[in-house]
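Below: one structure, written as structure tokens.
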Amino acid sequence: MRVLLDECDPRKFRRELPRHTVQTIPEMGWSGLKNGALLMAMSVDGFEVLVTVDQNLRYQQNLASYGAAIVVMVAATNRIEDLRPLASDVLQALTMIQPGEIIEVG
């Protein structure tokens, strides 16, 4: 699965998602894009899922219109030490998530 890691997530988290192609927003040159533009860019570029800690994203966009799916990690902070324990739940979510869905883990 092609996964985009949000810019507020630590880049090191990509190591927790083996078997998936993971790129970050900065790597794609999309830093600073607003959510709608980001979801559009994801869709055009073939990303299937955005992994983020942004819990407000679900209230800001109509995901179905972009064909995007989002996994939201809910943790005390966005530090790798707080997110690493959620990796198995993220991997599980990636096996079942469908376009337009949001799954929260944590």
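Quick notes on this structure:
- Using alpha-carbon coordinates, inclination of helix 35-45 to the longest axis of the chain, degrees: 90
- Cβ charges +1 (Lys, Arg) and -1 (Asp, Glu), total dipole of the chain, debye: 180
- With the convex hull of the Cα atoms taken as the outline of the chain, the averaged projected area works out to 5.7 nm².
- Label positions at Ser43 and Gln23, each projected 7 Å from the Cα along the C-beta direction, are separated by 1.8 nm.
- Most mobile listed residue (Leu94, Leu86, Leu39) in the chain, GNM with C-alpha springs under 10 Å: Leu86
- Surrounding net charge for Thr95, when Lys and Arg each add one and Asp and Glu each subtract one, Cβ distance under 14 Å: -2
- In order along the range 93-106, the phi-based Karplus estimate (6.51 cos²θ - 1.76 cosθ + 1.60, θ = phi - 60°) of 3J(HN,Hα) comes to 4, 5, 6, 10, 5, 10, x, x, 9, 10, 10, 9, 10, x Hz; Gly and Pro are listed as x.
Every number here is computed from the coordinates shown, using simple stated rules; none is lab data. Bear in mind the structure is a predicted one, so any value in this text is a computation, not a measurement. With ideal geometry, Cβ positions are generated from the backbone for all residues, glycine too; neighbour counts draw on all protein chains shown.
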